[in-house]
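Have a look at the structure below before the remarks.
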């Protein structure tokens, strides 16, 4: 894929994911009513099989070189052992400023901010007193924001200043969570969840774009593997926010974690001011 279309493609992928996330449960409900639970799983298995067949049929096209890659930071490509390959991937990711910023951004977001969803049932049941229906509306609001964000990214493409939006989205994400944690008014909480979805997809998609754009083909798989390993940070963050919730309560746990996530973005902007100029 030409680098000029990478942002659009990742935004389009996020848009498709969020559309399917919205209509999927409704379709599943219709299928369960028509063919039962077992039949629904059979239909899903058939579609997974079709997706696998179509994916296998894909063939690599012309390779396009990654943009913005510092040639001096790329080790000489050679036949490497598995362990050596992992080490070189880590070394490249740390030496390349854009990739390093992207990975740190997503890791801090997964550690401090994203785990708030584990406490969403507590907010719906005990703090906002809206029950399961209200929780569904909160998740729907988040989905609406995520879909809007995906449309913006898919449409704007290369025109977005990736570095500034990537860090700014996580910064805003953390501040919005502080407001959400303090809110006792359900409509305000819904608005905050729309902004949460907007910030989440914006930061997540732009991090992917930056990592892939600034990684040469020999290292793209390794850097994206590190990107996916950031999910480990979410597990740690979920444990941390659970501990804080038991000590301070759900509101203070979400607010403090959101503030910590926003603070890490401010520190990154101060320590690495060149990050805001990543394109």
Next on the checklist: List pairs: first residue in segment 171-183 and assigned by TED's automatic domain parsing to the domain that holds residue 206 and on the phi < 0 side of the Ramachandran plot, second residue buried (at least 24 other Cβ atoms within 10 Å of the Cβ) and not in a helix (DSSP H, G or I) anywhere in the structure, Cβ distance under 8 angstrom, at least six positions apart or on different chains.
Outcome noted: 173/113; 174/113; 177/113
Checklist entry - If you scan segment 113-153, which residues turn out to be in contact with a helix residue (DSSP H, G or I) (Cβ under 7 Å, 6 or more places away or on another chain) and in a loop (DSSP other than H, G, I, E, B)? => result 113, 128, 130
Checklist entry - Of these, 201, 267, which one is out of contact with any strand residue (DSSP E or B) (no Cβ under 8 Å at 6 or more places or on another chain) and within 30 Å of residue 126 (Cα to Cα)? => result 201
Checklist outcome for this item: The correct count of residues that are surrounded by 12 or more Cβ atoms within 10 Å (Cβ to Cβ) and either under 19 Å from the mean Cα position of the chain (by Cα) or not in a loop (DSSP other than H, G, I, E, B) (or both) in segment 260-273 is 9
Checklist entry - Does residue 166 meet the test of being assigned by TED's automatic domain parsing to the domain that holds residue 248, assigned to a helix (DSSP H, G or I) and either within 19 Å of residue 241 (Cα to Cα) or modelled with pLDDT of 90 or more (or both)? => result no
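Here's the yes/no breakdown for (1) at pLDDT below 85; (2) closer than 20 Å to residue 278 by Cβ; (3) surrounded by 20 or more Cβ atoms within 10 Å (Cβ to Cβ); (4) in contact with a strand residue (DSSP E or B) (Cβ under 6 Å, 6 or more places away or on another chain):
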site	(1), (2), (3), (4)
130	no, no, no, no
143	yes, no, no, no
176	no, no, yes, no
187	no, no, no, no
197	no, no, yes, no
219	yes, yes, yes, no
224	yes, yes, no, no
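The values are calculated or read from the model by the stated rules, or taken from the named source; none is laboratory data. Being a predicted model, the structure only gives us computed values, none of them experimental. Please note: Cβ atoms are built from the backbone with ideal geometry, for glycine as well, and neighbour counts cover all protein chains shown.
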